[in-house]
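The values are calculated or read from the model by the stated rules, or taken from the named source; none is laboratory data. It should be emphasised that the depicted structure is a prediction, and the values quoted were computed from it without experimental measurement. When we count neighbours, we look across all protein chains shown, and the Cβ atoms used for this are built from the backbone with ideal geometry, even at glycine. Side chains included, ligands, DNA and RNA excluded: accessible areas come from the protein's heavy atoms. Shrake-Rupley method; radii C 1.70, N 1.55, O 1.52, S 1.80 Å.
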Amino acid sequence: MITHPAYVVEPWCLRERELNLDVLSQSESVFALANGHVGWRGNLDEGEPHGLPGTYLNGVFEFRPLPYAEAGYGYPESGQTVINVTNGKLIRLLVDDEPFDLRYGRLHRHERVLDFRTGLLHRMAEWTSPSGRSVRVRSTRLVSFTQRAIAAIAYEVEPLDGDVRIVIQSELVANEQLPDHGGDPRTAAQLKDPLLPEQHAAQGSRIRLLHCTARSKLKVAVSADHVVDGPPKTETSAESVDDLSRLTITSRLTSGQRLRVEKFVAHGWSAVRSVPAVHDQVDAALAGATSTGWAGLLAEQRQFLDEFWARADVEVDGDAEIQQAVRFALFHVLQAGARGEARALPAKGLTGPGYDGHCFWDTESFVLPVLTYTAPQAVEQALRWRHSTMPAAQERARQLGLKGAAFPWRTINGDECSAYWPAGTAAFHVNADIADAVVRYVGATADDTFEREVGLPLLVETARLWRSLGHHDHHGDFHIDGVTGPDEYSAISDDNLYTNLMAQHNLRAAAAAVERHPEVASALGVDDEETAAWRDAALRINLPYNAELGVHEQSAGFTGHQVWDFARTNDDQYPLMLNFPYFDLYRKQVVKQADLVLAMVLRGDAFTLEQKARNFAYYEQLTVRDSSLSACTQATMAAEVGHLRLAYDYLGEAAMMDLFDLEGNTRDGLHIASLAGSWFALVMGFGGMRDHDGGVVAFAPRLPEQLGRLAFTVQIRDRRLRVEITGTTATYTLLEGADLEIRHCGEQLTVSTAAPESREVPELAAGPVPEQPPGRSPARRRATRREEAESGHVAHG
Ligand code: BGC
């Protein structure tokens, strides 16, 4: 992608200087616009050529069968898949008698720019039709952060060489034909014509389509209104049928004249409301947008983003690619969550149909930590969604013979959709990940109302789950057996260390929250005996350790397994899960993605620095990174134990996951958690930020040689704190709010708005650089200065 010469490295935008059909699907993902409620892939305005057309509404899905060769108790009965809803992006153009189709005629210039500060996607094309007519087309698109149902386009055509007859068809299209995507199991199941027509309308400049999904029974409405500005005799007419509603605009343009169309599109859906109510809902949203007007929507968008960047920006000196990538990442993470409003935050956000549009633990463990410190209201909403699915999670726990709530491994509406137990519900850690996100959000915001209404019930029900899932042995030690940790190349293991440490945190946090809110807790049926049992389980939880090797075990017995034969595994046999049977992966020492290493990041308080360094070195040799969630975690731990160059290389992998299309599936949507991971690697890695202490945030900054300066802003309990690291000095500036306690490399510090505090970073002696399995080291984007000097040339980057 940005390695392609068409892409330019710039600090505040993603620019593509020519249209490249080879990377069209990928470009549709990276240029996607969304606000957490509506998602528009970056498809070309005229609809074709396309890689994968996509318009998504968060929460709109269809059921699909989950076929099982052998039946089993507790298997989910049906799956869910995100569907491509009515497309409001389409603006088709006829130039004299030829469709504006970039596959024909001559394209002289084509540029697209996604601007992270304005939240706009700009496009400019200069084209000569096969019969020799030349036009310039400009369009600007937005999906509004401030009016969540709204997206809008300003589209302009002008002739470049004399008179031309122009016809614009501004459309809403349902049940678009989707290209077949091959056999990748991670790609959304194709559902043909998922929308059944209910109502269509076209009147004046307004068009509308209303449909219903066949099995999930969701009503989906999209309506659009237009402001047309063209020379006299510009005419419009509107028409609609079941799956198409269209405004046609005809005009004749002479040199110097332009035809401009502003299209406002409102989206709405409901499982409950009637057809007239849903149609009123979108028409009302549309009325709000048209009264705001195009300029008003732009101004609102800019203001929203100005406020976001003031809380969230990360500045990087010394690596222009990383600077661009981290802002690209933050922009997309914000787009995934900003206006989700009590809906799930899918692994791909609303940028593509990958993973069927499901939400996983990725959200709580990777995306919400970033949003907690940059856009906390989005976290509140995401966790309110989890809470709203509590009845399904309680029912699932009951079905499994457990207490409390068992949240699903993957889902859209709250019901478990994973058809594969070992890497599905058995990954019970998702419950502790949710609890961890609750604790972090409450620590970072002191949002008491949230804690009482949402946080406490989530903590209590997940604590109950752990208590019933685990057991005390005859010595009194507490074990959680038969579960899968984050590493999906080990399954159904006993005492997965990550799970146990996160469960311990969950049990303790639940007991502490009960003390803060005794009345709410007693309404939930919690008594002293129950909290004592949670504390006891937490105290006695088993943390497997191999004393001979001096390392923790990923799960009981793990270090005794045979080591995977890496030497005999070829580069083209990764990802291993597509080339080797799971049973063989399960019984060997090979790690798909950071598991114990993630435990050392999120539960860093449970390890000494020496243990971290030894564990990290051991698990590095086994970790193949067949998941995009791994590199950012490894970057963060490598930085903590002093392997800064390695951390820098992992940062590159996490940050470039989609911009370089490193996993080859960016076409299906962006890896939102890996994007969040570039913030992890910079802020938690090189900034050394940790929040183990329920609110007191600690920093232990350390820069790699490649970065001259790193600065970032985080929001903590209504304060804005800016951290700037240059060389071996860290400066903490409180930009806003009352005095704040923090820690710098173990030292307690109070920062106030009166003056910044600067501190030196003590040296850290790191041991030998750990090795990865052969061929699995992170790519080295840039040589060190010493390597450059030795080789006599400056490396790429
Ligand atoms: C990873 C999971 C992750 C899922 C969705 C899988 O490949 O192993 O940890 O939740 O992708 O991103």
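Quick notes on this structure:
- When peptides 19-29, 477-487, 391-401 are sorted by average Cβ neighbour count within 10 Å, with the highest value leading, the order is 477-487, 19-29, 391-401.
- Amide H within-cut-off set for Leu66, under 5 Å, with H built and near neighbours excluded: Gly79
- The calculated 222 nm mean residue ellipticity attributable to helices in the chain amounts to -9000 deg cm²/dmol, summing -39500 (n - 2.57) over DSSP H runs of n ≥ 4 and dividing by all residues.
- Using the Cβ-Cβ distance between Gln573 and Asp605 with R0 = 51 Å, the FRET efficiency computed as 1/(1 + (r/R0)^6) comes to roughly 0.85.
- Rg/Rh (Cα only; Kirkwood hydrodynamic radius) as it applies to the stretch 7-283: 1.00
- Derived scalar couplings ³J(HN,Hα) [the stretch 52-63; Karplus, 6.51 cos²θ - 1.76 cosθ + 1.60; whole Hz; x for Gly, Pro]: 8, x, x, 9, 10, 10, 4, x, 8, 8, 10, 6
- For the stretch 148-273, the spread of Cα positions along each principal axis, largest first, Å: 52, 36, 27
- Rounded tilt (10° steps) of 275-312 against the dominant C-alpha axis of the chain: 60
- Where N is the number of residues in the stretch 264-370, Cα Rg divided by 2.2 N^0.38 Å: 1.33
- Cross-link partners for Lys263 among the aspartates and glutamates, with Cα-Cα distance under 15 Å and sequence neighbours closer than 8 places in the same chain left out: Asp45, Glu46, Glu156, Glu171, Asp225, Asp229, Asp283.
- From the largest down, the stretch 52-105 spans 64, 24, 12 angstrom on the principal axes of its Cα atoms.
- Cβ-defined net charge surrounding Gly293, 15 Å radius [Lys, Arg +1; Asp, Glu -1]: -1
- Across the chain, C-alpha contacts under 8 Å between residues 6 or more apart give a mean separation that, scaled by the residue count, equals a relative contact order of 11 percent.
- Kirkwood-Stokes translational diffusion coefficient of the stretch 337-463, alpha-carbon pairs, 4 °C, 1.567 mPa s, µm²/s: 90
- Per-residue packing, averaged as other Cβ atoms within 10 Å, sorts the ranges 142-149, 742-749, 654-661 into the order 654-661, 142-149, 742-749, beginning with the highest.
- Radius ratio Rg over Rh of the stretch 472-602, counting only Cα atoms, Kirkwood formula for Rh: 1.10
- Rounded to the nearest 20, the Cβ-based charge dipole of the chain about its Cα centre (Lys and Arg +1, Asp and Glu -1) stands at 1300 debye.
- Compared with the dominant principal axis of the Cα atoms in the chain, helix 630-640 is inclined by about 50°.
- In percent, rounded to a whole number, the relative contact order of the stretch 191-316 is 23, using alpha-carbon pairs under 8 Å and six or more apart.
- Percentage, to the nearest whole number, of Cα pairs in the stretch 322-736 over 33 Å apart: 27
- With only the Cα atoms considered, the stretch 93-171 has a convex hull volume of 100 Å³ per residue.
- The stretch 7-283: relative contact order in percent, alpha carbon pairs under 8 Å with at least 6 residues between: 17
- The angle separating the long axis of helix 320-337 from the principal Cα axis of greatest extent in the chain is about 80 degrees.
- Of the chymotrypsin sites (Phe, Trp or Tyr not before Pro) in the stretch 251-343, not one is in a loop by DSSP (not H, G, I, E or B) with at most 15 other beta carbons within 10 Å.
- Pairs with C-alpha atoms separated by more than 22 Å, drawn from the list Lys89/Lys233; Lys403/Lys592; Lys192/Lys217, are Lys89/Lys233; Lys403/Lys592.
- Panel values: the chain, Kirkwood radius from alpha carbon pairs, Stokes-Einstein at 20 °C and 1.002 mPa s, translational diffusion coefficient 78 µm²/s.
- Of the accessible area of the chain, computed with a 1.4 Å probe over protein heavy atoms only, carbon and sulfur atoms account for 48 percent.
- Cβ charges +1 (Lys, Arg) and -1 (Asp, Glu), total dipole of the stretch 322-736, debye: 740
- Residue-normalised accessible area of the chain, expressed per residue, 1.4 Å probe, Å²: 35
- Each residue of the stretch 223-237 was assigned a 3J(HN,Hα) from its phi angle through the Karplus expression (A = 6.51, B = -1.76, C = 1.60, θ = phi - 60°), giving 9, 9, 10, 9, 10, 10, 10, x, x, x, 6, 6, 10, 10, 8 Hz with x at Gly and Pro.
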